[in-house]
Amino acid sequence: MDFRTAARTVFAPVALLAALTACSGGPAPAPAPKPAPPSSPAAPVEEQVPDRPPHTLVLNATGSGSLKQVTYTLDGSAKETGQVKMPWRQSLTVPADGKPRQWTLEITYSGASGHVEMYSVVDGKESVHTASGGSGNVTGSASIGGSVQG
């Protein structure tokens, strides 16, 4: 057997099988899987604060007489009342988001015989306290402020 005859004998069945597979209309062989791309440094992850209930901030003004005006703010958002009798109290909800929250309480009072006290309570614990005193018919103003870690 010469070289040509031997080559036909060996390669003819392989060529025939390849031709039949290509013409059979059967599914094409699956491509080889691609290698995974090289790992890149992790993208920065935004720090998340765990879910927890909001804080309660209670602003208080006590004493005798009346308050001509009360202005309170939380994060720059101000609310104002007209004349109210003491004791005065306002409860505010502070989101528990990990951010510092600023607050103020400003009062103008009159007719106090003795003193006016202002204080805040955060989650049931007194945090800021101030008092103004005087005798007789007193008129004045006072303010307190602080921050709550949200």
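Points worth noting:
- If you go through segment 52-86 and keep only what is farther than 12 Å from residue 107 by Cα and assigned to a loop (DSSP other than H, G, I, E, B), you end up with 52, 53, 54, 64, 65, 75, 76.
- The residue that is nearest to residue 87 (Cα to Cα), counting only those in segment 136-150 that are at pLDDT 80 or above and surrounded by 17 or more Cβ atoms within 10 Å (Cβ to Cβ), is 144.
- Candidate set from segment 69-83 (those that are over 24 Å from residue 53 (Cβ atoms) and among the aliphatic types (A, V, I, L, M)); member that is surrounded by the most Cβ atoms within 10 Å (Cβ to Cβ): 70
- Residue tally, condition polar (S, T, N, Q), surrounded by fewer than 13 Cβ atoms within 10 Å (Cβ to Cβ) and modelled with pLDDT of 90 or more, over segment 84-135: 3
The values are calculated or read from the model by the stated rules, or taken from the named source; none is laboratory data. Keep in mind that what you see is a predicted model, and the values were worked out from it rather than measured. Counting neighbours? That spans all protein chains shown, and the Cβs are built from the backbone with ideal geometry, glycine included.
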